[in-house]
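Remarks on the structure that follows.
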Amino acid sequence: MTASGYRGRFAPSPTGPLHFGSLVTAVASYLEAHSRNGEWLVRIEDLDPLRESPEAADQILHSLTRHELHWHGDVRYQSTRLDGYRQLANQLVERGRAYYCGCSRKELKASDGHHPYHCRTGGPLPPDRPLAIRFTLNNENAHWYDRILGAQHQSVRAEVDDPVIIRKEGFVAYQLAVVVDDIDQGITDVVRGSDLLETTAQQRQICQALNGTSPDWAHIPVVLNRQGQKLSKQNHAPALDDTRPGRNLWHALSTLGQHPPQTLQNDTPERILGWALAHWSLDHIPLQHTREP
């Protein structure tokens, strides 16, 4: 831990190579960590082998290196920590903070999110059906301050909003793993896309149940493609061209509202990041979604 105590992270899923939207998030989290004399960690959230490609993690790390976005310490791979996540999920069940659920999505939708098998209250589970584990949320009107979006409020509904933490297929769910690793790695601040904003109140409750301290949050408006969709691998976002890292960084800074000078547009990553660190401000990040260049 650095003297400042700040520790941030960039945590991509290896479902494909890095694209421009992910670069924007990486740049923002990197600059915020370094501007506060903190550490910037990289975590590969490889929890879903059905959606991941075997070469994607290496491609992502190669892209970060080409853009001179160097991380502190070793890269953490969540796939190496599956037993620990499952043990914690079982402990939550034993403590009454999680429960087994056999309800299908169709059944939950038909009952407005309530569990037809009364899974949460110990009702008889459906036989011969795979079971998920869900976290037991408390009813809450959650309030916190987002360092980009300002004061936030979310209403959390017990049972209806209870998130899956172990999927029926046996895979560990993002909602559990992200909180466990943020606690374990001592993450103090999270800079991430605003598409994850709606998960924050749930993650805060999971963190509390695991006796952790919730990080401070800063959610960046997502980058949209030319069709107005979120720039993502699911929407076929093109891979970054790693042969032009300086130009990519310049566009990422422009998207983040930092207004880099035109003279830096084709400069080296080192010089562009040096300028960016000297001028970095979360206050300049636009509050609305932006389009890819």
**OP:** List, in order, the whole-Hz ³J(HN,Hα) value for each residue of region 105-118 obtained from phi through the Karplus relation with A = 6.51, B = -1.76, C = 1.60 and θ = phi - 60°; use x for Gly and Pro.
**Re:** 4, 4, 5, 5, 5, 5, 10, 6, x, 7, 8, x, 8, 6
Original post:
Hey, with R₀ at 25 Å, roughly what FRET efficiency would D184 and W144 work out to, going by the Cβ-Cβ distance, to 0.05?
Top reply: 0.70
Original post:
According to the square roots a ≥ b ≥ c of the eigenvalues of the Cα gyration tensor, what is the shape class of region 143-189, taking rounded for a/c under 1.5, prolate for a/b larger than b/c otherwise, and oblate for the remainder?
Top reply: oblate
Subject >> Alpha-carbon spread of the chain, three principal axes, descending order, Å >> reply: 67, 36, 36
Subject >> Residue-span extension gain [A278 to E198] - 0.36 nm each, minus C-alpha spacing >> reply: 25.6 nm
**OP:** Please give the helix 20-35 orientation as an angle from the longest Cα principal axis of the chain, in degrees from 0 to 90, rounded to the nearest 10.
**Re:** 80
Subject >> Per residue accessible area of the chain, 1.4 Å probe, in Å² >> reply: 48
**OP:** Indicate the gyration tensor shape class of region 108-183 (rounded, prolate or oblate), computed on the Cα atoms with a ≥ b ≥ c the square roots of the eigenvalues: a/c under 1.5 is rounded; otherwise a/b larger than b/c is prolate and the rest oblate.
**Re:** oblate
Original post:
Mean residue ellipticity at 222 nm from the helices of the chain, using -39,500 (n - 2.57) per DSSP H segment of n ≥ 4 over the full residue count, to the nearest 500 deg cm²/dmol?
Top reply: -9000 deg cm²/dmol
Original post:
When the chain is treated as a GNM, springs tying every alpha-carbon pair under 10 Å, which of L125, L18, L253 comes out with the largest mean-square fluctuation?
Top reply: L125
**OP:** Quick one: grab the alpha carbon gyration tensor of region 2-87, order the square roots of its eigenvalues as a ≥ b ≥ c, and give me rounded if a/c is under 1.5, else prolate or oblate depending on whether a/b is larger than b/c.
**Re:** oblate
Original post:
Which of Q203, Q87, Q78 moves most in a GNM of the chain, Cα contacts under 10 Å?
Top reply: Q87
**OP:** Would you mind checking the tilt of helix 269-279 against the longest principal axis of the Cα atoms of the chain, expressed as 0 to 90 degrees and rounded to 10?
**Re:** 80
Subject >> FRET efficiency, 1/(1 + (r/R0)^6) with R0 45 Å, evaluated for L125 and N37 via beta carbons >> reply: 0.30
Subject >> Amide H partners (placed H, <5 Å) of H19, local residues excluded >> reply: L240
Original post:
Which far-off residues, 5 or more places away or on another chain, put their amide H under 5 Å from the one on I166, with H placed in the peptide plane?
Top reply: I133, A173
Original post:
Can you list the cysteines of the chain that have no other Cys Cβ under 4.7 Å away?
Top reply: C103, C207
Original post:
Can you give the Rg and Dmax of region 66-207 based on its C-alpha atoms, in angstrom?
Top reply: 16.8, 55
**OP:** Scan around R9 for amide H atoms under 5 Å from its own, H built in the peptide plane at 1.01 Å from N, and keep only partners 5 or more places away or cross-chain.
**Re:** L41, V191
Subject >> 3J(HN,Hα) from dihedral phi, region 44-57, Karplus parametrisation 6.51/-1.76/1.60, rounded to Hz, x for glycine, proline >> reply: 8, 8, 9, 9, 10, x, 6, 10, 8, 10, x, 9, 5, 4
**OP:** Pop out the ³J(HN,Hα) list for region 119-125 in order, Karplus 6.51 cos²θ - 1.76 cosθ + 1.60 with θ = phi - 60°, rounded to Hz; leave Gly and Pro as x.
**Re:** 4, 5, 9, x, x, x, 6
Original post:
Of the accessible area of the chain, with the probe set at 1.4 angstrom, what percent is carbon plus sulfur?
Top reply: 48
Subject >> Estimated dipole of the chain in Debye, rounded to 20 [Cβ of Lys and Arg +1, of Asp and Glu -1, Cα centre] >> reply: 480
Subject >> Share, in percent, of DSSP beta bridges within the chain that are antiparallel, nearest 5 >> reply: 55
Original post:
Nearest 10 degrees, 0 to 90: what angle lies between the long axis of helix 82-94 and the longest principal axis of the chain (Cα atoms)?
Top reply: 40
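The values are calculated or read from the model by the stated rules, or taken from the named source; none is laboratory data. Because the structure is predicted, anything quoted here is derived from the model rather than measured. Positions of Cβ are backbone-derived with ideal geometry, glycine not excepted, and every protein chain shown enters the neighbour counts. These accessible areas exclude ligands, DNA and RNA; they are computed on the full protein's heavy atoms, side chains included. Shrake-Rupley method; radii C 1.70, N 1.55, O 1.52, S 1.80 Å.
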